[in-house]
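The values are calculated or read from the model by the stated rules, or taken from the named source; none is laboratory data. Remember, predicted model here, so these are calculated numbers, not experimental data. All Cβ positions, even for glycine, are placed from backbone atoms using ideal geometry, and neighbour counts span all protein chains on display.
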Amino acid sequence: MLIDSSSDWEIQCFEDIFDATYATIKKRRDHDPLFCLKDLEQQLEDMYLLDGHDWLGRGRVGDLDMEASIAALQQHIFEWRKEPTKD
């Protein structure tokens, strides 16, 4: 999560990565009939694992990439769960 002391470039970087990741997920949902919520939840779990494996350090840009990607996955999962189920 970005904190108040984030610089403009960090905020822009986060937003750009978030938007790109979110758009990629939406495109996959729209075009891949086999893509399901479980797939996205598994991808999020994988991202959590990758985030925890930062023992060598990614640097600030790498951290922003990870944070924004995770946030986009979380947002999309939240919205997907709110959708009415199809019978």
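Table: residues versus (1) among the charged types (D, E, K, R); (2) loosely packed, with under 13 Cβ neighbours inside 10 Å; (3) in contact with a Lys or Arg (Cβ under 8 Å, 6 or more places away or on another chain); (4) not in a helix (DSSP H, G or I).
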site	(1), (2), (3), (4)
21	no, no, no, no
27	yes, yes, no, no
30	yes, yes, no, no
43	no, no, no, no
46	yes, yes, no, no
51	yes, no, no, no
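For segment 53-87, what are the residues that are outside any helix (DSSP H, G or I) and either surrounded by 13 or more Cβ atoms within 10 Å (Cβ to Cβ) or touching a residue at least 24 places away in the same chain (Cβ under 8 Å) (or both)?
Across segment 53-87, the qualifying residue is only 58.
Under 30 Å from residue 8 (Cβ atoms), modelled with pLDDT of 95 or more and among the acidic types (Asp, Glu) - does that describe any residue in segment 75-84?
Checked segment 75-84: at least one residue is under 30 Å from residue 8 (Cβ atoms), modelled with pLDDT of 95 or more and among the acidic types (Asp, Glu).
Quick check, is residue 45 at pLDDT below 95 and among the acidic types (Asp, Glu)?
The answer is no for residue 45.
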